[in-house]
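For reference, the structure is listed below as structure tokens.
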Amino acid sequence: MELNSLRQFLVVARLEHLSRAADELRVAQPSLSRTIARLEAELGTPLFDRTGRLRLNDTGKLFRDHVERALGELDAGRRAVAEAADGGVGSVRLASETFLTLTGPLAAFKRAHPSVEVALHWAPSDDMARRLRAQDVDLCVASQPVHASGIDSTTLFEEPVGLGVALDHPLASRESVTVEDIADQPFVTAREGHWIRRLLDRLFAARGLTPKVVCETDEPTAIAELISAGLGVGLVPGFARHAPTRPPGAWIAVDSPDCRRTVTLYWSTDAHLSTAARLMRTTISDWDWSVTFRGAALS
């Protein structure tokens, strides 16, 4: 089996769509189809169900897990050799749902280790276990649980999540609100999969309600600006109250014990962590997060 064929298989398995996979890989779709067909012929079994939409079948999932580990080990071997040749420090790859809360420890790490190559990757929490298992990244930071075997973690901080409203909003003078109080409010929020959106949907679903979403975006700063402009309300992490550059608005506590987030650092217990990755892990896990709360921006 050729390594390039295995890498192409992983992209098709992740996207479950040949044309999108071909676009991402920058290859012709017929060529990609032939690669997958040859791989299935060599294995002697289909890896995908092709009735309607392309779906990875159970055999394909089994093979995918082994391929991820195998390619991850090969990549780890290359990185270990590079680390040894580079004097034993190496590089570090960090994935996160947002880097706004991490600017403090990242800046401190770069000042302390200016020669270390740091690669930052945005990733949804759903993709973090796969990326750690495949050794695509060394460390992940998420505001949602990452459930998978072979992964260790440490909690960085926990904080309340409140409701952000414009200063002239009728609720702006309230100290707290219930979910029922805001059931009819228009919400500006993140797209599905982001921790803010999942928290919003979970809070409402627990009460048999559906939030009225008038805008969803991947831009955190846009969420803050739209809330400040009065186009809707939205869930806002507690540390954003202390952001010096945040748009004007009011932060109101939500009267629910579930309206919180826990930010956690994850890494694979099966992977070799470079010296740089271990140093980064220590920097982030030992960081004084009150510094971030005093100088953070909306995430």
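The values are calculated or read from the model by the stated rules, or taken from the named source; none is laboratory data. All figures in this text were calculated on a predicted structure; none of them were measured in a lab. Positions of Cβ are backbone-derived with ideal geometry, glycine not excepted, and every protein chain shown enters the neighbour counts.
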Open item on the list: It is to be established whether one or more residues within region 101-112 are modelled with pLDDT under 90 and either acidic (Asp, Glu) or part of a loop (DSSP other than H, G, I, E, B) (or both).
Closed with: no
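Hey, does region 189-204 have a residue that's touching a helix residue (DSSP H, G or I) at 6+ places or on another chain (Cβ under 6 Å) and either outside any strand (DSSP E or B) or modelled with pLDDT under 90 (or both)? Working first, answer last.
Initial filter on region 189-204 (touching a helix residue (DSSP H, G or I) at 6+ places or on another chain (Cβ under 6 Å)): 189-190.
Cutting the leftovers down to either outside any strand (DSSP E or B) or modelled with pLDDT under 90 (or both) gives us none.
No, there is no match, as no residue in region 189-204 is touching a helix residue (DSSP H, G or I) at 6+ places or on another chain (Cβ under 6 Å) and either outside any strand (DSSP E or B) or modelled with pLDDT under 90 (or both).
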Task: Glu42 more than 25 Å from the chain's Cα centre (by Cα) and assigned to a helix (DSSP H, G or I) - done: yes
Open item on the list: Can you find a residue that is in the same structural domain as Pro257 (by TED's automatic domain parsing) and in a helix (DSSP H, G or I) anywhere in region 87-99?
Closed with: no
Task: Options Leu167, Leu163, Leu200; residue that is within 18 Å of Gln144 (Cβ to Cβ) and in contact with a strand residue (DSSP E or B) (Cβ under 8 Å, 6 or more places away or on another chain) - done: Leu200
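Take Arg38 and tell me if it is of a type in the set (Lys, Arg) and either at pLDDT below 90 or surrounded by fewer than 12 Cβ atoms within 10 Å (Cβ to Cβ) (or both). Talk me through it step by step, then tell me what you get.
On the way: of a type in the set (Lys, Arg): yes; either at pLDDT below 90 or surrounded by fewer than 12 Cβ atoms within 10 Å (Cβ to Cβ) (or both): no.
Answer is no for this residue.
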TODO: Could you check Arg69 against (1) under 26 Å from Asp138 (Cα atoms); (2) surrounded by 14 or more Cβ atoms within 10 Å (Cβ to Cβ); (3) free of Cβ contacts under 8 Å to residues at least 60 places away in the same chain and say which number it fails?
DONE: (3)
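Restricting the search to region 131-179, which residues are over 22 Å from the mean Cα position of the chain (by Cα), β-branched (Val, Ile, Thr) and surrounded by 21 or more Cβ atoms within 10 Å (Cβ to Cβ)?
Initial filter on region 131-179 (over 22 Å from the mean Cα position of the chain (by Cα)): 163-179.
Imposing the further condition that a residue be β-branched (Val, Ile, Thr) reduces the set to 165, 177-179.
Val165, the sole residue that qualifies.
Here is a check on your reading of the model: is Phe204 within 26 Å of Trp251 (Cβ to Cβ) and of a type in the set (Phe, Trp, Tyr)? I'd like the intermediate steps shown before the answer.
Numbers: within 26 Å of Trp251 (Cβ to Cβ): yes; of a type in the set (Phe, Trp, Tyr): yes.
Against the criterion (within 26 Å of Trp251 (Cβ to Cβ) and of a type in the set (Phe, Trp, Tyr)), Phe204 qualifies.
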TODO: Please work out if Leu74 is within 30 Å of Thr275 (Cα to Cα) and either among the aliphatic types (A, V, I, L, M) or surrounded by 14 or more Cβ atoms within 10 Å (Cβ to Cβ) (or both).
DONE: yes
Open item on the list: Just checking, does region 238-250 include any residue being assigned by TED's automatic domain parsing to the domain that holds Val161, part of a strand (DSSP E or B) and touching a residue at least 12 places away in the same chain (Cβ under 8 Å)?
Closed with: yes
Open item on the list: Restricting to region 41-66, name every residue that is β-branched (Val, Ile, Thr) and either closer than 19 Å to Asp127 by Cα or surrounded by 14 or more Cβ atoms within 10 Å (Cβ to Cβ) (or both).
Closed with: Thr59
Open item on the list: Out of everything in region 138-174 that is in contact with a helix residue (DSSP H, G or I) (Cβ under 6 Å, 6 or more places away or on another chain) and of a type in the set (D, E, K, R), what residue ends up being modelled with the highest pLDDT?
Closed with: Asp138
